[in-house]
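The values are calculated or read from the model by the stated rules, or taken from the named source; none is laboratory data. This is a predicted model, so every value here is computed, not measured. All Cβ positions, even for glycine, are placed from backbone atoms using ideal geometry, and neighbour counts span all protein chains on display. Areas reflect the complete protein model, heavy atoms only, side chains present, ligands, DNA and RNA absent. Shrake-Rupley method; radii C 1.70, N 1.55, O 1.52, S 1.80 Å.
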Amino acid sequence: LNRYGWDGDWYLQATTDEGLPLGSKDCTEGKIFLMPNIWALISGAAEPEKAQAAMRAVTQYLLKDYGTLLNDPAFTRPRPDIGYVTRYAPGLRENGGVYTHAATWSVWAYTVAGQPERAYEAYYKICPPNRSADIDTYKAEPYVTPGNIDGPLSEFYGRGGWTWYTGSSQWLHRVATHWILGIRPQLDGLLVDPSIPTGWTGFKVTRKFRNAVYRIEVKNPNGVSRGVSSITVDGSPHPGSLLPIFNDGQEHQVEVILG
(Lines give C-alpha, C1' and ligand atoms only; values in the text may rest on other atoms or scores of the structure.)
Protein backbone atom coordinates (compact mmCIF):
# COMPACT_ATOMS: atom_id res chain seq x y z
CA LEU A 1 0.00 0.00 0.00
CA ASN A 2 2.65 2.51 1.01
CA ARG A 3 4.96 1.63 -1.88
CA TYR A 4 2.56 1.23 -4.80
CA GLY A 5 -0.61 2.93 -3.57
CA TRP A 6 0.95 6.26 -2.63
CA ASP A 7 0.59 9.10 -5.14
CA GLY A 8 2.86 11.66 -3.49
CA ASP A 9 0.36 13.45 -1.25
CA TRP A 10 -2.45 10.90 -0.85
CA TYR A 11 -3.37 7.29 -1.60
CA LEU A 12 -4.65 6.11 -4.97
CA GLN A 13 -8.17 4.75 -5.29
CA ALA A 14 -7.50 2.06 -7.92
CA THR A 15 -6.25 1.42 -11.42
CA THR A 16 -8.34 0.75 -14.51
CA ASP A 17 -8.06 -2.50 -16.47
CA GLU A 18 -5.60 -0.69 -18.73
CA GLY A 19 -3.45 0.26 -15.75
CA LEU A 20 -4.40 3.95 -15.59
CA PRO A 21 -4.41 5.34 -12.04
CA LEU A 22 -7.66 6.52 -10.46
CA GLY A 23 -7.56 9.02 -7.62
CA SER A 24 -4.23 10.47 -8.72
CA LYS A 25 -2.92 14.03 -8.97
CA ASP A 26 -2.52 13.31 -12.70
CA CYS A 27 -6.31 12.85 -13.13
CA THR A 28 -8.40 15.81 -14.27
CA GLU A 29 -11.54 14.23 -12.74
CA GLY A 30 -11.64 11.84 -9.80
CA LYS A 31 -8.31 13.24 -8.61
CA ILE A 32 -8.72 12.19 -4.97
CA PHE A 33 -11.03 9.70 -3.24
CA LEU A 34 -12.01 9.66 0.41
CA MET A 35 -12.13 5.93 1.12
CA PRO A 36 -8.52 4.82 0.54
CA ASN A 37 -7.18 7.77 2.52
CA ILE A 38 -9.33 7.48 5.62
CA TRP A 39 -9.14 3.69 5.71
CA ALA A 40 -5.37 3.81 5.42
CA LEU A 41 -5.51 5.47 8.85
CA ILE A 42 -8.37 3.49 10.34
CA SER A 43 -6.74 0.20 9.36
CA GLY A 44 -3.37 1.29 10.76
CA ALA A 45 -1.67 0.50 7.44
CA ALA A 46 -0.55 4.07 6.68
CA GLU A 47 2.98 5.10 7.56
CA PRO A 48 2.85 8.03 10.04
CA GLU A 49 4.02 10.77 7.67
CA LYS A 50 1.77 9.50 4.89
CA ALA A 51 -1.17 9.33 7.28
CA GLN A 52 -0.85 13.01 8.17
CA ALA A 53 -0.32 14.03 4.53
CA ALA A 54 -3.37 12.02 3.44
CA MET A 55 -5.59 13.75 5.99
CA ARG A 56 -4.25 17.16 4.96
CA ALA A 57 -5.34 16.31 1.42
CA VAL A 58 -8.75 15.16 2.66
CA THR A 59 -9.18 18.49 4.43
CA GLN A 60 -7.98 20.52 1.45
CA TYR A 61 -9.96 18.80 -1.29
CA LEU A 62 -12.84 16.90 0.30
CA LEU A 63 -14.01 18.56 3.54
CA LYS A 64 -16.59 21.03 2.22
CA ASP A 65 -19.57 23.04 3.49
CA TYR A 66 -21.89 20.07 4.01
CA GLY A 67 -19.50 17.28 4.89
CA THR A 68 -16.69 15.22 3.41
CA LEU A 69 -17.02 14.45 -0.31
CA LEU A 70 -16.51 10.91 -1.56
CA ASN A 71 -14.29 12.14 -4.40
CA ASP A 72 -13.26 15.32 -6.19
CA PRO A 73 -13.54 16.70 -8.82
CA ALA A 74 -16.74 14.96 -9.87
CA PHE A 75 -16.85 13.17 -13.22
CA THR A 76 -18.60 15.20 -15.93
CA ARG A 77 -18.83 12.48 -18.59
CA PRO A 78 -19.37 8.71 -18.52
CA ARG A 79 -16.19 6.60 -18.32
CA PRO A 80 -16.82 2.94 -19.25
CA ASP A 81 -13.36 2.05 -17.95
CA ILE A 82 -14.33 3.31 -14.48
CA GLY A 83 -18.00 2.36 -14.26
CA TYR A 84 -21.42 3.46 -13.12
CA VAL A 85 -20.22 6.16 -10.70
CA THR A 86 -19.39 8.30 -13.75
CA ARG A 87 -22.96 8.03 -15.03
CA TYR A 88 -24.36 9.96 -12.08
CA ALA A 89 -24.79 13.69 -12.61
CA PRO A 90 -21.78 15.66 -11.29
CA GLY A 91 -22.05 16.15 -7.54
CA LEU A 92 -24.77 13.52 -7.10
CA ARG A 93 -24.31 10.61 -4.69
CA GLU A 94 -21.05 8.74 -5.30
CA ASN A 95 -19.98 11.13 -8.04
CA GLY A 96 -18.54 14.00 -6.02
CA GLY A 97 -21.25 14.10 -3.38
CA VAL A 98 -21.22 13.61 0.38
CA TYR A 99 -21.95 9.90 0.70
CA THR A 100 -22.92 9.88 4.36
CA HIS A 101 -21.82 6.34 5.16
CA ALA A 102 -18.24 7.18 4.14
CA ALA A 103 -18.39 10.72 5.52
CA THR A 104 -19.00 9.34 9.01
CA TRP A 105 -15.78 7.34 8.70
CA SER A 106 -13.88 10.56 8.04
CA VAL A 107 -14.83 11.62 11.59
CA TRP A 108 -13.20 8.42 12.85
CA ALA A 109 -10.10 8.99 10.72
CA TYR A 110 -9.65 12.55 11.98
CA THR A 111 -9.62 11.31 15.58
CA VAL A 112 -7.06 8.64 14.66
CA ALA A 113 -4.97 11.39 13.05
CA GLY A 114 -5.10 13.38 16.30
CA GLN A 115 -7.28 16.18 14.88
CA PRO A 116 -10.27 16.50 17.26
CA GLU A 117 -11.42 19.89 15.93
CA ARG A 118 -11.57 18.56 12.37
CA ALA A 119 -13.34 15.43 13.58
CA TYR A 120 -16.07 17.50 15.18
CA GLU A 121 -16.28 19.76 12.11
CA ALA A 122 -16.78 16.74 9.85
CA TYR A 123 -19.43 15.40 12.24
CA TYR A 124 -21.24 18.72 12.71
CA LYS A 125 -21.58 19.35 8.99
CA ILE A 126 -23.45 16.11 8.34
CA CYS A 127 -25.48 15.95 11.56
CA PRO A 128 -29.08 16.45 10.30
CA PRO A 129 -30.44 18.89 12.95
CA ASN A 130 -27.61 21.30 12.14
CA ARG A 131 -28.97 21.61 8.60
CA SER A 132 -32.48 22.73 9.57
CA ALA A 133 -31.53 26.43 9.62
CA ASP A 134 -30.92 26.21 5.85
CA ILE A 135 -33.87 23.99 4.97
CA ASP A 136 -34.46 25.61 1.56
CA THR A 137 -31.05 24.35 0.48
CA TYR A 138 -31.14 21.07 2.39
CA LYS A 139 -34.73 20.16 1.37
CA ALA A 140 -34.69 17.02 3.55
CA GLU A 141 -36.16 16.13 6.93
CA PRO A 142 -33.94 17.54 9.71
CA TYR A 143 -34.69 14.63 12.03
CA VAL A 144 -33.31 11.72 9.95
CA THR A 145 -29.95 10.92 8.38
CA PRO A 146 -29.73 11.25 4.59
CA GLY A 147 -27.85 8.73 2.49
CA ASN A 148 -26.14 11.54 0.61
CA ILE A 149 -25.84 15.30 0.17
CA ASP A 150 -25.22 16.92 -3.22
CA GLY A 151 -21.66 18.11 -3.79
CA PRO A 152 -20.28 21.40 -5.19
CA LEU A 153 -20.80 20.53 -8.87
CA SER A 154 -24.51 19.81 -8.40
CA GLU A 155 -27.00 22.52 -9.24
CA PHE A 156 -28.59 21.60 -5.89
CA TYR A 157 -25.41 21.83 -3.81
CA GLY A 158 -26.25 20.97 -0.19
CA ARG A 159 -29.47 19.04 -0.91
CA GLY A 160 -30.06 15.93 1.19
CA GLY A 161 -31.22 12.73 -0.49
CA TRP A 162 -32.13 9.13 0.32
CA THR A 163 -33.26 9.94 3.85
CA TRP A 164 -34.15 7.34 6.50
CA TYR A 165 -30.95 5.55 5.53
CA THR A 166 -30.31 3.44 8.62
CA GLY A 167 -26.78 2.23 7.82
CA SER A 168 -25.27 5.70 7.83
CA SER A 169 -27.39 6.86 10.79
CA GLN A 170 -25.98 4.05 12.92
CA TRP A 171 -22.45 5.02 11.91
CA LEU A 172 -23.14 8.70 12.63
CA HIS A 173 -24.18 7.69 16.16
CA ARG A 174 -21.19 5.39 16.54
CA VAL A 175 -18.52 7.91 15.54
CA ALA A 176 -20.09 10.47 17.88
CA THR A 177 -20.15 8.15 20.89
CA HIS A 178 -17.09 5.96 20.25
CA TRP A 179 -14.67 8.42 18.70
CA ILE A 180 -15.64 11.99 19.69
CA LEU A 181 -16.94 11.21 23.17
CA GLY A 182 -14.52 8.29 23.10
CA ILE A 183 -16.48 5.73 25.13
CA ARG A 184 -15.56 2.47 23.37
CA PRO A 185 -16.20 -1.14 24.35
CA GLN A 186 -13.13 -3.37 24.37
CA LEU A 187 -12.75 -7.09 24.96
CA ASP A 188 -11.46 -6.53 28.48
CA GLY A 189 -13.27 -3.35 29.55
CA LEU A 190 -14.79 -0.02 28.58
CA LEU A 191 -12.24 2.46 27.19
CA VAL A 192 -12.51 6.19 27.90
CA ASP A 193 -10.56 8.15 25.26
CA PRO A 194 -12.32 11.42 24.35
CA SER A 195 -11.36 13.46 21.29
CA ILE A 196 -13.32 16.69 21.72
CA PRO A 197 -13.09 20.37 20.77
CA THR A 198 -11.03 22.40 23.23
CA GLY A 199 -14.01 24.65 23.97
CA TRP A 200 -16.01 21.85 25.56
CA THR A 201 -16.04 22.01 29.37
CA GLY A 202 -17.10 18.36 29.56
CA PHE A 203 -20.00 15.98 29.01
CA LYS A 204 -21.94 13.14 30.62
CA VAL A 205 -22.63 9.68 29.24
CA THR A 206 -24.76 6.85 30.60
CA ARG A 207 -23.45 3.60 29.12
CA LYS A 208 -24.83 0.12 29.60
CA PHE A 209 -22.02 -2.39 29.27
CA ARG A 210 -22.07 -6.11 30.12
CA ASN A 211 -24.82 -6.13 32.72
CA ALA A 212 -23.79 -2.91 34.45
CA VAL A 213 -24.55 0.80 34.00
CA TYR A 214 -21.68 3.28 33.86
CA ARG A 215 -22.59 6.88 34.63
CA ILE A 216 -19.60 8.73 33.24
CA GLU A 217 -18.88 12.43 33.74
CA VAL A 218 -15.96 13.84 31.79
CA LYS A 219 -14.57 17.19 32.94
CA ASN A 220 -12.24 19.37 30.89
CA PRO A 221 -10.97 22.10 33.25
CA ASN A 222 -7.81 22.76 31.24
CA GLY A 223 -9.42 23.26 27.83
CA VAL A 224 -7.68 20.33 26.11
CA SER A 225 -8.86 18.04 23.32
CA ARG A 226 -7.36 14.72 24.35
CA GLY A 227 -5.63 12.94 27.19
CA VAL A 228 -7.03 11.48 30.40
CA SER A 229 -5.39 12.92 33.51
CA SER A 230 -7.26 10.91 36.15
CA ILE A 231 -10.24 8.60 36.65
CA THR A 232 -12.17 7.71 39.76
CA VAL A 233 -14.63 4.81 39.86
CA ASP A 234 -17.20 4.86 42.65
CA GLY A 235 -15.02 7.38 44.48
CA SER A 236 -11.75 5.44 44.27
CA PRO A 237 -8.82 6.30 41.96
CA HIS A 238 -8.57 4.04 38.92
CA PRO A 239 -5.34 3.56 36.94
CA GLY A 240 -5.37 3.94 33.17
CA SER A 241 -8.27 4.65 30.81
CA LEU A 242 -9.83 1.19 30.66
CA LEU A 243 -12.80 0.84 33.02
CA PRO A 244 -13.23 -2.60 34.61
CA ILE A 245 -16.00 -5.07 33.73
CA PHE A 246 -18.43 -5.23 36.66
CA ASN A 247 -21.17 -7.52 35.32
CA ASP A 248 -23.12 -7.04 38.57
CA GLY A 249 -26.35 -5.41 37.42
CA GLN A 250 -25.46 -2.24 39.38
CA GLU A 251 -24.79 1.41 38.55
CA HIS A 252 -21.25 2.74 38.85
CA GLN A 253 -20.15 6.37 39.01
CA VAL A 254 -17.15 7.36 36.92
CA GLU A 255 -15.42 10.76 36.96
CA VAL A 256 -12.87 11.51 34.26
CA ILE A 257 -10.56 14.55 34.27
CA LEU A 258 -8.89 15.52 31.02
CA GLY A 259 -5.49 17.18 31.05
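Computed on the Cα atoms alone, the convex hull of region 65-119 gives a volume of 85 cubic angstrom per residue.
Listed here are the pairs K25/K125; K31/K64; K125/K208; K25/K50; which of them are more than 20 Å apart at the Cα? Over 20 Å apart, Cα to Cα: K25/K125; K125/K208.
Each peptide in 97-108, 142-153 receives the mean, over its residues, of other Cβ atoms within 10 Å, and ordering these scores from highest gives 97-108, 142-153. In degrees, nearest 10, range 0 to 90: what is the angle between the Cα axis of helix 100-112 and the longest Cα principal axis of the chain? Value to nearest ten degrees: 60. Please list, by residue number, everything in region 114-140 whose backbone N is under 12 Å from a paramagnetic label point 7 Å out along Cα→Cβ of A176. The answer is 123-131.
Can you work out the accessible area per residue across region 28-166, with the rest of the protein chains kept in place, probe 1.4 Å, in square angstrom?
Counting only protein heavy atoms, the per-residue value for region 28-166 is 43 Å².
One quarter of the convex hull surface built on the alpha carbon atoms of region 143-183 amounts to 3.5 nm², the projected area averaged over directions.
How do the peptides 30-36, 115-121 rank, highest first, by the average count of neighbouring beta carbon atoms within 10 Å per residue?
30-36, 115-121
For region 150-259, with equal point scatterers placed on the C-alpha atoms only and solvent neglected, what are the log10 I(q)/I(0) values from the Debye formula at q = 0.12, 0.17, 0.23, 0.24 1/Å, to two decimals? Values returned for q = 0.12, 0.17, 0.23, 0.24 Å⁻¹ are -0.51, -0.82, -1.25, -1.32. Taking the empirical scaling 2.2 N^0.38 Å for compact globular proteins as reference, region 205-259 has a Cα radius of gyration ratio of 1.14.
For the listed peptides 123-130, 174-181, a ranking on the average number of other beta carbons within 10 Å per residue, highest first, reads 174-181, 123-130. Kirkwood hydrodynamic radius of region 1-134, from the reciprocal of the average inverse Cα-Cα distance over all distinct pairs: 15.0 Å.
The alpha carbon convex hull volume per residue for region 67-184 rounds to 106 Å³. Computed about the Cα centre, the dipole magnitude for the chain is approximately 280 debye when only Lys and Arg (+1) and Asp and Glu (-1) carry charge, each at its Cβ. Where the alpha-carbon atoms of the chain are placed on the principal axes, they occupy 63, 45, 33 Å, in descending order.
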